[in-house]
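Please see the structure below; I have some questions.
Quick note: the coordinates plus some simple rules give every number you see, no bench work behind them. The model shown is predicted, which means the values in this text are computed figures rather than measured ones. All Cβ positions, glycine included, derive from the backbone under ideal geometry; neighbour counts span all protein chains shown.
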Amino acid sequence: MEDNNSLGSTIRLLRKERHLTQEELAEGICSPVTVSRVETGRQMPTKAVLDGLLSRLGASTYQLCDVYYKNERDSEFARAAKRTRALLHRGRPDEARELLDSMDESSRERPSYRQLYLMLNASTLITIDGSELGRALDLLDQAIRLTKPTLRLDDFRHTLLSPTEAECIGLMVPTLCYLGRHADASRLGEELIESMDNQDNGTQDWADDKIGCELNLALSLEQEGRYAESLRYIERAHSEALDEGILTYMPVILYAEARVRYREGQRDEALGILRHIAPYMDLTGQHEHAAAVRNWVQENMGVRL
């Protein structure tokens, strides 16, 4: 399997930077098969072969170590970002913030790093009763402008977005919603879904992001009292989650559906759904999300779960 920190992956990176084929790199030094095996980590080169490869690549051992170190930092940043997402998903924003503090300096090395860092930082501030929603909105806008400085947020459905750009805009929707700007949130969410539909790249990550955006849009439509439209996006998210096998979204999808059903007058059906969601969230370690569900049921339905 490929190891992004391996000697082989570093040699492969240098080879591609110099637009060499494996055959061209190997000529007079070793066989192309040897180069292939070195790059995939299945064989360690002898000192003579390694010196020859580095000479052809125009790299010294020092430069090789530098590239290796950069790859290692890439991997470390990616791992930290993944852990931060997991903490946010489990409703542990304070721990996520601590981890983000350790990522601040390294995030400044590349716009793509900084964009992800700003987005994750904003995510820790987005809560229904948050006191820093305005700051979260500013961070998300800063993140988008790093790679799309001239993007018009009222007209971008035909603009190609990266997954992180789409996620940044998607997070603006609940932020605007919690700020009471429900109509603005819905318009932005609808524009984003149009954009994502127009450029669906078929990957599971993209499907995952789109489901999240659909649920955010459903929330703003719910707050506007547009229940039928909200339910349409919830049902769409439900269908896509099943099709893609992204079942981690199911408790959130069902919670959204139950709220809308309740607002439409279907109290018993909504309560039947809600009775199952909170215990499931507890079982999967999402204790803060479970508490939010129980609080909502208590405040809106007068029932203790």
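Report relative contact order for the chain in percent, whole number only (criteria: Cα-Cα under 8 Å, sequence separation at least 6). List each step's numbers first, then the result.
Working: 355 pairs, mean separation 31.3, N = 305.
Computed over the chain, the figure is 10 percent.
Can you give the Rg to Rh ratio of region 173-305, both from alpha-carbon atoms, with Rh computed by the Kirkwood formula?
Values: Rg = 14.7 Å, Rh = 15.2 Å.
Here the Rg-to-Rh quotient is 0.97.
If the only charges are +1 at each Lys and Arg Cβ and -1 at each Asp and Glu Cβ, what is the size of the charge dipole of the chain around the Cα centre, to the nearest 20 debye?
Values: 38 positive and 51 negative charges, 110 e Å.
Result for the chain is approximately 520 debye, rounded to the nearest 20.
So what does the Cα-only Debye profile of region 7-59 read at q = 0.22 Å⁻¹, as log10 I(q)/I(0), no solvent term?
Log10 of I(q)/I(0), two decimals: -0.70.
Give me D200, D51 ranked fewest to most by other Cβ atoms within 10 Å of their Cβ, as a rough exposure proxy. Intermediate results must be reported in sequence, preceding the final value.
On the way: D200 10, D51 13.
Ranking D200, D51 by Cβ neighbours within 10 Å, fewest first, gives D200, D51.
Roughly how tilted is helix 47-57, in degrees to the nearest 10 and between 0 and 90, from the longest Cα axis of the chain?
With rounding to tens, the tilt is 70 degrees.
Calculate, for E23 and T147, the FRET efficiency according to 1/(1 + (r/R0)^6) with r their C-beta to C-beta distance and R0 30 Å; round to the nearest 0.05.
Numbers: r = 36 Å, r/R0 = 1.21.
For R0 = 30 Å, the calculated efficiency reads 0.25.
Given springs between every Cα pair under 10 Å in a Gaussian network model of the chain, which of K47, K82, K210 has the largest fluctuation?
Highest fluctuation among the options: K47.
In degrees, nearest 10, range 0 to 90: what is the angle between the Cα axis of helix 287-301 and the longest Cα principal axis of the chain?
20 degrees
Among (i) 30, 52, 16, 2; (ii) 28, 47, 21, 4; (iii) 32, 60, 8, only one was calculated for this model; which label is it, if the read-out is P(r) over Cα pairs in 20 Å bins from 0, in percent?
Calculated P(r) over Cα pairs in 20 Å bins from 0, in percent: the matching label is (ii).
Rounded to the nearest 0.05, what FRET efficiency do R232 and E95 give with R0 = 30 Å and r taken as the Cβ-Cβ distance? Could you check? Intermediate values should be presented prior to the final figure.
Values: r = 36 Å, r/R0 = 1.19.
Approximately 0.25, to the nearest 0.05.
Separate question: Once you've got the GNM for the chain with C-alpha springs shorter than 10 Å, pick whichever of C177, C213, C30 has the biggest mean-square fluctuation.
Sorting by GNM fluctuation, first place goes to C30.
Here's another thing I want to ask about it. Tell me the angle of helix 7-17 to the major Cα principal axis of the chain, expressed in degrees between 0 and 90 and rounded to the nearest ten.
90 degrees
With a 10 Å cut-off between alpha carbons and a GNM built on the chain, which of N201, N216, N121 moves the most?
N201
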